[in-house]
Every structure is written in C-alpha cells, then in structure tokens.
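No lab work stands behind these numbers, since they all come straight from the coordinates. Being a predicted model, the structure only gives us computed values, none of them experimental. Quick reminder, even Gly has a Cβ in these numbers, built from the backbone with ideal geometry, and neighbours come from all protein chains shown.
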C-alpha cells in the first residue's frame, strides 16, 4: 500500500543516488520546509473554517456556506481581506519588537512541529529528548505575547499581556506534570518510543486511573495555555483591556490569529501522541485478528482522526461554558490542579514500579 | 470574539488618590443600550460608578404634552421596547380609569395573554444577553429560537414584531388573528420542553454559578430605599408584584405565584426571572382556552378628553413597576405626563452593589439588573 | 391605616397640612418649609412609608408643585401623595435623599428639567442633558441665561431649534 513511509523512503533513496550527500540533504531540508509551510497554511484554513462551522451547529445555525461549496473557501477570503488591510503601527511603539512579536509566536509553533510523528516513520526530527523539547519550546511563546503587549505602548495591552502571560506560565506546570505521567510509564522521553510502547493498547486504556486523571488535567491545561474559552479573558472580555493584540491589524494580526489555531493543533497532536497512541491503531492486547484488521487503516488517518477529535472537544468547550474571572482562573490552577497533578505523579510512579498497569 | 469598545480617557487623568478612571460604553455589544459608565478603579477594585445618561433622551415627556390621548400611548412602546404591550396597557388603563370606559372581557383576556407573552419574550432576550456578557455565546441562540415564535405570533396579530401598536383605550385595535390560539398553544408546548435546556446549559453550570453567586448582593432594606422593583427587588425578598397588589385586566382571576428569593445576589435575580417565565406560562395556559367571545373594544369617542384632575396607573412590566402619571386640565392633550420607569431606580442601585467588587463582577451585576436604556433616558 | 386615621395622625403632627381626597389616593398639601419634617414623620413609625415610587414636579404657570407618591411595603393599599407648592422664581426645597435613596436620581432629574434647587443634595447636577446643550443653545441670549436658565419641562421654555413642537 502506498504509505507516507514508503514515499519518504523512495524520495530519499532517489535523492541520495542522484546527488552528492550534502546537496541531497539540502534539498531534503528545502522540501521539508515547504511541506511545513504548506501544512501550516492548510491547517490554518481548515481549522478556522472548522471552528466557525462547529460554532454554528452548536448554536443551531448554519455557518459560512456561500463562499465555495459548503463554505470551504471562507478562510481564504478572510485571509485575503486581512492582507489588504492597512497595517498600522502606533507612533510611539517600539517598532522592532512590535514587528517581531508575531513572528516569534509563529516560529515557536513551527519549531514544535519537528518532533510530532504524523504517521509511521514520518517524523521530522526524532530527538531523544522529544517530550522535554516540546515542553521547553512551548514555553517560549510567552515571550512573543509579552513582547506584543509591551511594544504596543498601550497600558491596557500590557495589562492584558501580563494576565495572559501569568495564565500561560501557571498552566504550563499542570500540563508538564500530566505529560510526565506518560514518561514515567514509558520510561523514555523519545516520541517514537512512546508511540511504540502503545502497540498493545493506548495509554489511556492501559494506564487506567492515573492516566485518565492526567488526560483530563492535560486537556484543561492546554485549553488555558492556548487562551481558549473558558479561559479567554485576555482576548474577549475587555475588563481593562482588549487583549495583547489590540494594536495589531492587517497581516500581523492574521499571523497571531493563525498562530493561535496552529497552537491548538499542536497541543492536540501532542495529547493524541501521548495519551491516545499517536499514529498507532487501536490495538487491544494480544487479539491479533482484531489488531490486524485495525492495521489496514493507514496510520496517518489514525493520527489525524485522533487529533481532530481532540480539537473538536476543545472547540466544544468554547461554545458551552461562560468565562472564568481572572482570580478564579489562577485559583483553579494553583489550588486545585497543581496538587492533583503532584499527587497523580506520585500515584503513577507507584503504579509503574509495581507494574500494576496493563 | 467581542470587545466592548472603550473610549480610554487620557491616562494622566487620575483621581485624587491616584485611582484610574475608565469609561465603559456607551457602545456595548448587543446588550443594555447606550449606557456610559465612568468607573473609578483602585487597581482591580471598583471604588465608584457614575452613570452618564442621556444618549437616547428624546424628551418624551415634553413631547407628549402635544400628543392627543390616543397618540401618546404608542410612544411608550419605544421606551421599554421589550415590554411594549405592557407599557401600552398601562396608558390604556389610565385613560379607561379616567374616562370610565368599559372594557369587554375578550379584550381583557387577550391583553393579559399578550402581556405575559411579552414578559416571556423580554426574559428570553435577557437570558441571551446576560449569558453573552459572561462569555457563554450559545444560550443567546437558544433563547432567540423561542423568542422568534413569540414575535411570529405578534406579527400575525399585531402587525409588527417589536413596537406593536395594538392596545387602545377600551380594548384592542382590531380582533386577534384566527391562528392566535393554535400558535400560542404550540409555543407553550415547545417552551416547556426547551426550558430544561436553559437549566442544564446555564443554571447548572459551575462556572456560571461561581460567577454569579455572592456577586452584587442587595439587601431588602436597600432595595426598598433605592426604589427597586421587579425581579431585582423580588430577589432580595421584597414582595412587590403589581399584578398581585393592584390587579388589572384579567389578573384577578388567574392563579400564579409571586416568585421571591431571599439571597439578593445575581444568581437569585437570575433564578427569579427563570421562575417568572414558568409562572407566565402558567397564566397563559389558564387563559388561552377560554377567550370569551364578544366585542374586542369598548365604546369610545374618537377624540378623547380626560376630565380635570390627576391620574396614576401602575403595572408590572418585565423590569419592574411602570407608572404613568397624568395631570389633566380637561383638554385633549395631557398637561403634564410623567413616566415612572423601573430602570431608572434599578440603575441607581448599581453603584451601591458594585462598590468594592471587581470589574468581572460588574458585568454579572449589570446583566442581572436587566437595564434597557431607552426606558431610563426617556 | 384608613384615610381618616392618616389624616388624624398627620394633623396632630403637622397642623398646617390640607387634604384633598377627590383623586384616587389621599393628597396632602403642605408648605415647603414643613415638608421635610412631614416626610420624616411618614417614614418613621408607625406608618413606615418606606417606598417612594414617584417624585416629580408640575409646572402650573403661576407656581411649581412638587409631587411625591409613596407607599408602605407592609401595607400596600396605603398610598399617599404629598404636594408642595414652590415659588417659580426661586424654587428651593429640602432634599429627601437621606430618607429614601431613590430620590437622588429623581431629584437630579427634576433639577435639570425644572430648575428646582434641592438643599443638601449630595450631588446635584444634570443627569440626562449635558451642560454643553444647555449652554450652547442659550449662548446668543446672554441676558436670558442669567435670568431664565435652561429648564426644558417648564411651560415657558423657548425652543429655538423647534425640537418639541409638532
């Protein structure tokens, strides 16, 4: 069957046969870069439209259905509009940082694409500290947000950025602990090891109680990290501000907007990899017949299916819950989620040592 | 993603203790109307709220001194546009009282049904707007699904969807549409199925409860002193339903409960309105099958003249007690007319209940006060 | 309490009051100087009229009349109307916002529409109209501003922009 793995293998063989190793490597890098950028663009288009359609259906209406069949070109039209808007820079803003901030956020999103395994043997960089790399790089996005808030030279943008920053930094802890749970069970930080260890079943089912707790904590924490409702006070409720991206318009705003949706995709992809098995089909223990049937569905379809399922859940949250106040939000993290995550880590360590998991 | 637009004052304009003064409004997305609040903050805490009114002041009271007694009724539809039938009923009742006009039974019953439908429609819109203020966007659409049914009924019978000029002194302007009864029954049936959705989606939601419980507490003494009426006062334990105190139209022959809660916080105000919707359905159910046959309007002259004297009529709108006070010198136009609007007094309590709380709480309190600004500004 | 009982009680406390029962409710007419004491009496025991539901002013062309409608929450059938006549040229009356807090906004509105001064009001300024409207329209008539002021609901209000006449 034509799989992504075989395509990459044939391409690599052909390139190394035709050119010298250095040039082949360079060409491979260029191809990877182009694919990444294409993936970004396509994902952006798809996710924005998906959000609007999901929102509409939950709100008993139809959503965009005029631009293109079923509204599929809606995002393209929106992007075109944003590109043609005037990109205003406030007078006394710090021009360098102001222009740099959206790119920092985008860069972090792109860097995080590297360790994600989209299909079997289809990973850009299988680093041996994969999970640590993800945690570390995702923390860098806070810099972009604070830069945006500071460089706008607007007191209220700064306050919004500080609030956003505080929120992200707090919820990183819970997310990190949730991720650590899986690392403890697997014994390795490498993404391919983690996915391979789920060959006889996804961790969500194998590592019963502590992993289920960790999964729930992870979903809550990443909703807060990506500034989505019900934790979106920094951008939707203008208590004192209209958010850190108030002063941005035109293309730069489009970049922030896009980066938010890509971030959602990435955290859902990581969640799917760690908890739901990544590209690994649904295998149940040693039921070889069943497992063999499941293997017929290509691994990329499994991966995308799981990721989009988690994305749908996160979008569902947005249209169901009202917003939390800022003190309630931080309360939630520091007084409830953090102790639970610590306790959970202890629990999972005990379970891993005793071997009380499947 | 919505932002409430702010006109941010010059940041060097700090209060005497270095407090920050910000403006909220006058443009709000989809709620309230044009209300301009000047909020003095100390960090996150609110120290003082000052409402600046007048953005939609239309000098209605002065204008009505030139309008005849048949014309001024419909100006009240434009004041509190969500309770238009109820406001019109108040004016019509006053003229009927002043000129001793007989109102036929059919007109009384239909007027009561229309009043209750209007009350439900107003509360539906309020639920949607308040949930949106707090960040839950979906209840708005669910509420409007029910409200559409009511506006369809109104369109059939009265000809308009929002400012319905249908009630005249003496009864109704013309007879009800033949579909009226069937449509109202269908609406009642659908509403009863769907009201549980609101319960699940909004009332039972932990986040919603934690944002409204204990927020904006108003004691009973304060409610009376500030002149609050309607659900705002009933949530603090004050019994003030005009339909029970001074029944008019067909209210004396239907059974319904006056909903009173004692907590006085935003959540109590929310619960009072939800239960009031249920009580309104109860009233409609009792009346819809027994609309008496007969005339739909009493005998009146074309040009009405009130005798010399003073008249006052009170009704219960969706927001509280609405009063019409006319001083007449015996002519065809009122000499002085005063509309006692419920929002005016309810707004004065905002400063009192929001002092010392955070801005997020201000949104919850303001949402549950259910202000309609044209009612306040007149 | 019935109207008779109320009349007896009040005549004992404020002898100068006159009564008018032709309307729907009991109307009491007092002097503006005795008004505040009467209001305090009504608010206290045993009548406890703690709910002031309408505060307005009527311009009879020779004088202004302040009208207060109140009731008691413990006995909703007891409704009283208090009226006070004020001098047109210099209308001053004591504020009741310390007795009934609702009067703060209502008195501000009466001040801006009729020009009635309320003594000891915590914050007496225009509520609905802006100062700029009031001044801008009268800029051309300087002498008029000093003597007349911009009080829209008075009967002798001139309306140069013709906003109100139909």
Quiz item: How do A:40, A:275 line up, fewest other C-beta atoms within 10 Å first?
Solution: A:40, A:275
Practice problem: Starting with the fewest neighbours, write out B:37, A:132 ranked by other beta-carbon atoms found within 10 Å of each beta-carbon. | Solution: A:132, B:37
Quiz prompt | Listed peptides A:247-253, A:77-83, A:188-194 by packing density, highest first (mean Cβ within 10 Å) | solution = A:188-194, A:247-253, A:77-83
Self-check item: Global form of chain A, assessed from the alpha-carbon gyration tensor, a/c cut-off 1.5
Solution: oblate
Quiz prompt | Cα shape, segment A:22-178, gyration tensor, a/c 1.5 rule | solution = rounded
Quiz item: Most exposed first by the Cβ proxy, i.e. fewest other Cβ within 10 Å, how do A:274, B:134, A:329, A:345 rank?
Solution: A:345, A:329, B:134, A:274
Quiz item: So for chain B: antiparallel DSSP bridges make up what percent, rounded to the nearest 5?
Solution: 95 percent
Exercise. Measure nothing but the geometry: give the 0 to 90° angle between the long axis through the Cα atoms of B:138-158 and the longest principal axis through the Cα atoms of chain B, rounded to 10°.
Key: 20 degrees
Practice problem: Quick one: angle between helix B:180-198 and the longest Cα principal axis of chain B, in degrees between 0 and 90, rounded to 10, please. | Solution: 20 degrees
Practice problem: Using only Cα atoms, find the angle between the long axis of helix B:105-134 and the longest principal axis of chain B, and express it within 0 to 90 degrees, rounded to the nearest 10. | Solution: 10 degrees
Exercise. Restricting to segment C:3-119, compute how many DSSP beta bridges are antiparallel as a %, nearest 5.
Key: 75 percent
Quiz item: Which whole number in µm²/s is D for the protein assembly as shown by Stokes-Einstein, with the Kirkwood Rh taken over Cα pairs at 20 °C and 1.002 mPa s?
Solution: 68 µm²/s
Quiz item: At q = 0.14, 0.17, 0.19, 0.20 Å⁻¹, what is the log10 ratio I(q)/I(0) for segment C:3-119, with the Debye formula run over Cα points and no solvent?
Solution: -0.54, -0.81, -1.02, -1.13
Quiz item: Tell me, how many Å apart are the Cα centres for segment A:1-58 and for segment B:333-378?
Solution: 58 Å
Quiz item: Going by the alpha-carbon gyration tensor, a ≥ b ≥ c the square roots of its eigenvalues, is segment B:60-377 rounded (a/c under 1.5) or, if a/c is not under 1.5, prolate (a/b greater than b/c) versus oblate?
Solution: oblate
Self-check item: Mean separation of Cα contacts under 8 Å, 6 or more apart, over the residue count of segment B:60-377: relative contact order %
Solution: 27 percent
